[in-house]
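Below you'll find the structure, written out as structure tokens, and then a few comments.
Computed from the coordinates by the stated procedures, all read-outs in this text should not be read as laboratory data. Please read all numbers here as calculations on a predicted model, not as lab measurements. Note: ideal-geometry Cβ built from the backbone for every residue, glycine included; neighbour counts use all protein chains shown.
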Amino acid sequence: MGRYTLRRLLQFIPVLLGTLFLLHYLQSLSFQINGNPIRALFGDRQPPPETIAALTRAFGLDDPCLTQPGNPCFGLFFDRLGNYAQGDFGVDFNRQSVIDLIIRAAPLTLRLTFIAVVFESIIGIVAGVLAGIRKDKFIDNFVRFSTVLIIAVPVFVLGVLVQIGSGLYVGTWLAEQGAPEWLTATFSITYQSDHPWASLLVPGMVLGALSLGFIARLTRTSLIESMRADYVRSARAKGLSGTRVVGIHALRNSLIPVITYIGIDVGALMGGALVTEGIFNIPGVGGLVFQSIRSGETPVVIAVVTLLTMVFLLTTLLVDLLYAVLDPRIRYE
Amino acid sequence: MSDQGTPGIREGNAAASTRESPAGHPSDDVDDRDDEAQERGKKERNASLWADAWRELYHNWLFVVSGLLVLIVLSWAAFPGLWTSNDPSDAGQCELLNNRAPPSSEHIFGTTVQGCDMYATVIYGARPSIIIAVVVTAVSVFIGMAFGVVAGYYGGWIDTVISRLTDVVLGLPFLLGAVVFLALLQDQNIWTVAIVLIALGWTQVTRIMRGNVIAAKGQDYVEAARALGASNFSIIMRHILPNSIAPVIVLATLYLGSFVSAEATLTFLGVGLQLPAISWGITIAEGQLLAVGGFPHLLIYPAGAVIVTVLSFILLGDALRDALDPRGR
């Protein structure tokens with residue numbers, strides 16, 4: 001286990017640096033080719049050159065290498081790494097620290113991710129197990145068909161359709177019936193800060209829907225595979241009951257890949273909520289990226305994405321270590 | 001094998017489903033099995049993997065239906081004129097006065113926000129999505145296969161470099177990465193969207209190909225070919241590639257579907273195709289707000305087109321995977 005952990009940690013460092021450098025290089029390249037992003041702030045107006053120069057300096061974009069196309073700007077990259085290490089991710093165009101913006105938005109995204117993960121794990125695993133133990137029966141075909149359907153619907157289409165169905169039709173009907181306020185908040189078109197959990201329920205389910213499809217399919221195939229294994233046959237031959245064979249012997253082993261998938265999904269969902277947060281108007285981290293793209297604040301986009309990428313890579317690392325704890329075949333490789 | 005135990009499933013990418021093993025076997029060919037056994041008794045079949053797969057697919061109604069749907073959508077993209085005589089990008093085809101009209105006998109799907117015929121818009125909207133999906137899939141499968149074969153076959157430092165590069169690109173969450181790259185570009189059109197998706201898309205193919213090549217390389221027939229003096233190039237072309245390409249073909253089919261979906265998503269987010277282009281993503285984005293206001297047809301038809309297209313590609317890929325994986329038989 002120790003050697004595996006060490007090797008995995010050593011692998012993590014170049015990947016982290018490489019990914020950060022990739023983001024840095026693309027940003028530099030875009031400035032080198034498209035010119036100073038500060039100028040875009042002023043739209044059609046022509047600000048005095050001194051203003052632009054002062055602002056450029058304030059945002060740390062005055063490095064001469066940003067005017068030389070193709071220059072990888074290593075100096076700037078190492079400066080940035082130093083700043084990141086001190087928790088400094090720069091400021092947005094209103095002089096607010098990016099890290100503060102993220103800290104303000106994070107609780108919403110975490111709540112949304114939590115709802116999505118609980119939803120997708122419970123429904124996904126139950127559906128997968130039901131399909132797996134009744135292979136080729138009605139329930140199996142039903143689960144297989146509905147998961148393919150879920151996977152085929154792009155998140156933004158699902159989000160928009162659910163928003164209209166639940167928010168507009170159900171929500172309006174409930175309001176007419178005089179339903180309690182938390183219930184109408186659950187079925188509302190947008191996020192309501194008075195109901196921080198209820199109004200995130202439906203968006204969370206939309207966010208988790210795609211992974212629900214994958215989890216159900218993964219559980220199903222993995223369970224079917226372990227049901228064929230010798231130890232399951234032995235357990236049956238011993239005369240154990242069906243529930244015990246499935247629940248204790250087969251399911252525990254077949255859940256290992258599922259847990260790994262869920263772990264990585266947590267990392268992905270925290271950054272991947274861009275679409276869902278955009279549609280349901282949730283001021284989380286994804287919403288922050290969305291707004292910054294709209295207003296052309298590329299440095300903020302890069303800073304937020306850099307931080308999210310770090311979170312994502314760190315979750316992946318933890319999941320890999322957890323995987324080794326759960327599955328001895330990995331750590332004794 | 002440095003990336004053993006790194007589950008390469010991220011962001012609900014199509015590749016996630018290729019990781020599942022092929023236990024899902026179409027049940028409808030169970031009946032054929034007895035006949036086949038009898039047939040085998042009569043004459044010795046020369047059954048390659050592909051011949052077997054084709055026979056299985058031919059009897060699978062899901063494959064036939066989804067294949068037909070894919071052909072229909074491809075024909076929308078290639079020859080939209082076959083399906084409708086009015087091109088929404090022609091002058092005079094759209095009447096702004098007649099916008100958002102509900103379905104009628106003249107406009108069977110109603111009209112769009114711009115007053116164009118919705119049916120024609122859906123047909124013409126297929127082209128950018130399909131071009132992007134086909135180009136991105138072809139190029140990223142080619143790059144991914146080349147990298148995967150080189151890394152898997154030669155090993156050593158070249159494998160280390162390629163594998164770490166794959167890890168770095170996979171380190172970016174897919175959607176977030178695409179959004180950032182596109183936001184950094186000054187103008188966004190079909191080709192910039194395609195380039196960004198290729199830049200992020202080749203990694204899964206590389207990983208799968210590398211693993212398959214490493215497995216195929218250890219086989220006895222490769223040893224035998226080498227002992228007979230075959231060159232590396234001919235070993236790769238004649239022995240390694242044919243024996244490791246099947247999962248990549250399945251992945252490519254799933255890729256086609258997920259890139260249709262990715263293009264529409266990026267366009268919807270405002271970093272993909274821009275007006276006046278005609279695309280499903282744009283039509284959905286336009287219809288989104290007004291659909292809430294009581295014009296559901298603005299959303300239902302373009303969204304339906306995206307869903308049917310992606311669904312057909314996924315079903316096609318599923319059927320191919322079941323047929324091409326001999327372990328499922």
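Give me the inter-chain shielding for A:18-29: mean count of other chain Cβ atoms within 10 Å, whole number please.
Numbers: counts 6, 7, 2, 1, 8, 6, 0, 0, 6, 2, 1, 1.
Neighbouring Cβ atoms belonging to other protein chains average 3 per residue here.
What FRET efficiency comes out for the pair A:A85/B:R238, r = Cβ-Cβ distance, R0 = 51 Å, nearest 0.05? Walk me through the numbers before you get to the answer.
Details: r = 52 Å, r/R0 = 1.02.
With R0 = 51 Å, the Cβ-Cβ based efficiency is 0.45.
What does the convex hull of the Cα atoms come to per residue for segment B:221-329, in Å³? Don't skip to the end; give the middle numbers.
Numbers: hull volume 14.7 nm³, N = 109.
Hull volume normalised by residue count: 135 Å³.
Would you mind putting B:241-250, B:307-316 in packing order, based on average other-beta-carbon counts within 10 Å, highest first?
Working: B:241-250: 18.6, B:307-316: 23.0.
The peptides rank, most packed first, as B:307-316, B:241-250.
Please compute the Cα-Cα pair-distance distribution of segment A:174-333 with 5 Å bins starting at 0, giving whole percents from short to long.
1, 8, 12, 13, 13, 13, 11, 10, 8, 6, 4, 2, 0, 0
Can you tell which of A:V170, A:L101, A:G296 lies farthest toward the positive end of the dipole of chain A, using +1 and -1 charges on the Cβ of basic and acidic side chains (Lys, Arg; Asp, Glu)?
So the residue furthest toward the plus end is A:V170.
What is the dipole size for segment B:124-269, taken about its Cα centre, with +1 at each Lys and Arg Cβ and -1 at each Asp and Glu Cβ, in debye to the nearest 20?
Magnitude of the dipole: close to 180 debye.
Among the chymotrypsin sites (Phe, Trp or Tyr not before Pro) in segment A:167-227, which ones are in a DSSP loop with at most 13 other Cβ atoms within 10 Å of the Cβ? Mind listing them? Before the final figure, lay out each step's value.
Values: sites: A:Y169, A:W173, A:W182, A:F187, A:Y191, A:W197, A:F214; in loops: A:F187, A:Y191, A:W197.
For chymotrypsin sites (Phe, Trp or Tyr not before Pro) across segment A:167-227 that sit outside H, G, I, E and B with at most 13 neighbouring Cβ atoms in 10 Å, the list reads A:W197.
Got a sec to turn the phi values of segment B:135-147 into Karplus ³J(HN,Hα) couplings, 6.51 cos²θ - 1.76 cosθ + 1.60 with θ = phi - 60°, whole Hz, x for Gly and Pro?
In residue order, the calculated couplings are 5, 4, 5, 4, 5, 6, 5, 4, 4, x, 5, 4, 4 Hz.
Tell me, what HN-Hα J-couplings in whole Hz come from the Karplus equation 6.51 cos²θ - 1.76 cosθ + 1.60 at θ = phi - 60° for each residue of segment B:192-197, using x for Gly and Pro?
So the Karplus estimates, Gly and Pro as x, are 5, 4, 4, 4, 5, 5 Hz.
Taking the Cα centre of segment B:110-229 as the origin and placing charges on Cβ (Lys, Arg +1; Asp, Glu -1), which of B:G201, B:I131, B:V150 is farthest toward the positive end of the dipole?
B:V150
Report, in deg cm²/dmol and to the nearest 500, the calculated mean residue ellipticity at 222 nm for chain A, where each DSSP H run with n ≥ 4 adds -39500 (n - 2.57) and the sum is divided by the residue count. Present the calculation step by step, with values, prior to reporting the outcome.
Numbers: 16 runs with 241 residues, N = 333.
Rounded to the nearest 500, it is -23500 deg cm²/dmol.
Could you rank the peptides B:197-205, A:10-18 by their average count of other C-beta atoms within 10 Å per residue, with the highest value first?
Numbers: B:197-205: 25.0, A:10-18: 14.9.
Going by the mean number of other Cβ atoms within 10 Å, highest first, we get B:197-205, A:10-18.
Residues with amide H under 5 Å of A:V91's amide H, sequence separation 5 or more or different chain, H placed in the peptide plane at 1.01 Å from N; which?
A:V98
For a quick check, take a GNM of chain A with Cα springs below 10 Å and name the residue from A:R220, A:R111, A:R233 with the largest mean-square fluctuation.
Result for chain A, Cα springs under 10 Å: A:R233 fluctuates most.
Over chain A, what is the relative contact order in percent, taking alpha-carbon pairs closer than 8 angstrom and at least six residues apart? Numbers along the way, then the final one.
Numbers: 358 pairs, mean separation 73.6, N = 333.
Once normalised by length, the contact order is 22 percent.
Based on a Kirkwood Rh over C-alpha pairs, give the Stokes-Einstein translational diffusion coefficient of chain A at 10 °C and viscosity 1.306 mPa s in µm²/s.
Numbers: Rh = 23.1 Å.
This corresponds to a translational diffusion coefficient of 69 µm²/s.
Rg and Dmax of segment A:101-158, Cα atoms, in Å?
Radius of gyration, then largest Cα-Cα span, for segment A:101-158: 15.7, 51 Å.
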